[in-house]
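Each remark here refers to the structure printed beneath this line.
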Amino acid sequence: DSGVTQTPKHLITATGQRVTLRCSPRSGDLSVYWYQQSLDQGLQFLIQYYNGEERAKGNILERFSAQQFPDLHSELNLSSLELGDSALYFCASSVAATGQNTEAFFGQGTRLTVV
Amino acid sequence: GDSVTQMEGPVTLSEEAFLTINCTYTATGYPSLFWYVQYPGEGLQLLLKATKADDKGSNKGFEATYRKETTSFHLEKGSVQVSDSAVYFCALSPISSGSARQLTFGSGTQLTVLP
């Protein structure tokens, strides 16, 4: 158990809908990262938050947004869903935002299926 | 941009066989390099890492050496066990990004070890 909790584990929704994925980082970790794992794109970095502020952005679509709350949990919002958004979404957390000795711990992921 | 290319799978070995999974990378500067493992139904776990050239990362009998001259970080294990069956991902983190774990992943290699 990595200590990173993601809910829900599975989500099935229809095209055009909006969903929210939730992540609770390990106790004491200030940085949260979101990744998407899909069959065609592989594992891609989406976005990072550190202590409530956006820190880095990767290949995140404009239809997607994220935030980190004062209690440090994070939510990834996916809207106007398309079939191609079906994927496993991982959250990871680390103590720091920078530093090459910072280890990121991954949650078990939320599997999103868009039908 | 940065990229990671790793050996296509799946790889099937008998127990106690020698394992090599090739990984090469393209990046500017001196990235940090990682191997992550994903067991069925679980999130990613850091297996080992190396943060500078000629560093050797090791864990649970697995080893990988950061070779700058060949831009490689091949994963090896002398004697695999059935419990090593999983998907293995090579990844890099650019030192200049300011984000500790904005990871670029390879496509993953499925390893199956038969008893």
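The values are calculated or read from the model by the stated rules, or taken from the named source; none is laboratory data. On a predicted model such as this, the values are computed, not experimentally measured, just so you know. Neighbour counts run over all protein chains shown; Cβ positions are idealised from the backbone, glycine included.
Some observations on this one:
- Criterion: in a strand (DSSP E or B) and β-branched (Val, Ile, Thr) - qualifying residue of A:Thr15, A:Thr20: A:Thr20
- For segment A:22-76, filtered to residues that are of a type in the set (Lys, Arg) and within 11 Å of another protein chain (Cβ to nearest Cβ), the residue that is farthest from B:Gly41 (Cα to Cα) is A:Arg55.
- In segment B:84-98, residue surrounded by the fewest Cβ atoms within 10 Å (Cβ to Cβ) [restricted to those that are over 13 Å from the mean Cα position of the chain (by Cα) and at pLDDT below 95]: B:Ser96
- Any pair with Cβ under 7 angstrom, 6 or more apart, that starts in segment B:37-49 at a residue that is more than 9 Å from chain A (Cβ to nearest Cβ) and ends at one that is surrounded by fewer than 19 Cβ atoms within 10 Å (Cβ to Cβ) and of a type outside the set (Phe, Trp, Tyr): B:Val37/B:Gln45; B:Leu47/B:Asn59; B:Leu48/B:Ser58; B:Leu48/B:Asn59
- Strands (runs of 3 or more DSSP E) within segment B:1-62 that include 1 or more residues under 25 Å from A:Thr5 (Cβ atoms) and β-branched (Val, Ile, Thr): B:32-38
- Residue that is farthest from the other protein chains (Cβ to nearest Cβ) [pool: residues in segment A:1-12 that are of a type in the set (Ser, Thr, Tyr) and assigned to a strand (DSSP E or B)]: A:Thr7
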